[in-house]
Amino acid sequence: MPAPITLRPGTIDDVETIHAALLRLGTHIGAHQEITSTPDDLRRYGFGEKPAFSTLIAEIDGEFAGLCLHFPIFSTWIGRPGVYVQDLYVEDRFRGRRVGERLLRRVAKECRAAGGVYLRLSVDTDNETAKAFYERLGIDRSSYEQVQKIVGDAFFAFADTPEE
């Protein structure tokens, strides 16, 4: 019988592990060059006075098995809060053991307990395995929206342009 999966909130002591997992996730989807965060960034913004995100860590036999990094969101159309899953990562050796599903279900349960009614996430356009995984869980692609973004120097120029 396989060892049980233990889920627990991430702590500041997990920052190096969380960051390493994010780097592996970026490598897995071929976007490692996009990751500019540092462990200090995660420490500052995830575990400071006003945390911008939360993490849920999965362990098997005391070993890191995966993580779900998430934060609260709100839908003006639904009129209720929800949760946005920014990153879901499972170590290769633990795939197929429902680690990712357990992480998502726990985050959804915590969101529901806080009054939330939906879970939202983005999927790398080329990650067919992830798309199939989410669809198997009933997390479908939105037919009426796509993600837009502005980052780095373009963001700073946009934000710094005087209002007329």
Using only DSSP helix segments of four residues or longer, with each worth -39500 (n - 2.57), what per-residue ellipticity at 222 nm results for the chain after dividing by its residue count and rounding to 500? -10000 deg cm²/dmol
Remind me, relative contact order of the chain in percent, using alpha carbon pairs under 8 angstrom and six or more residues apart? 17 percent
Can you compute the radius of gyration and Dmax for segment 5-160, using only the Cα atoms, both in Å? 15.9, 50
When the charge dipole of the chain is computed with +1 at the Cβ of Lys and Arg and -1 at the Cβ of Asp and Glu, the Cα pointing farthest to the positive end, of Pro4, Leu69, Gly116, is that of Pro4
FRET efficiency, 1/(1 + (r/R0)^6) with R0 35 Å, evaluated for Arg95 and Val147 via beta carbons: 0.90
How many nm separate the modelled label positions at Arg24 and Ala52, each set 7 Å beyond the Cα in the direction of the Cβ? 2.4 nm
Taking the Cβ-Cβ separation of Lys109 and Ala159 as r and a Förster radius of 30 Å, what is the calculated FRET efficiency to the nearest 0.05? 0.25
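Longest segment of the chain with no trypsin sites (Lys or Arg not before Pro) in a DSSP loop having at most 11 other Cβ atoms within 10 Å?
With a cap of 11 other Cβ atoms within 10 Å, the longest stretch comes to 1-140.
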Please get the size of the charge dipole for segment 5-160, origin at its Cα centre, with Cβ charges of +1 on Lys and Arg and -1 on Asp and Glu, quoted in debye to the nearest 20. 780 debye
How much of the DSSP beta bridge set in the chain is antiparallel, as a percent to the nearest 5? 90 percent
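Quick note: the coordinates plus some simple rules give every number you see, no bench work behind them. Bear in mind the structure is a predicted one, so any value in this text is a computation, not a measurement. Quick reminder, even Gly has a Cβ in these numbers, built from the backbone with ideal geometry, and neighbours come from all protein chains shown.
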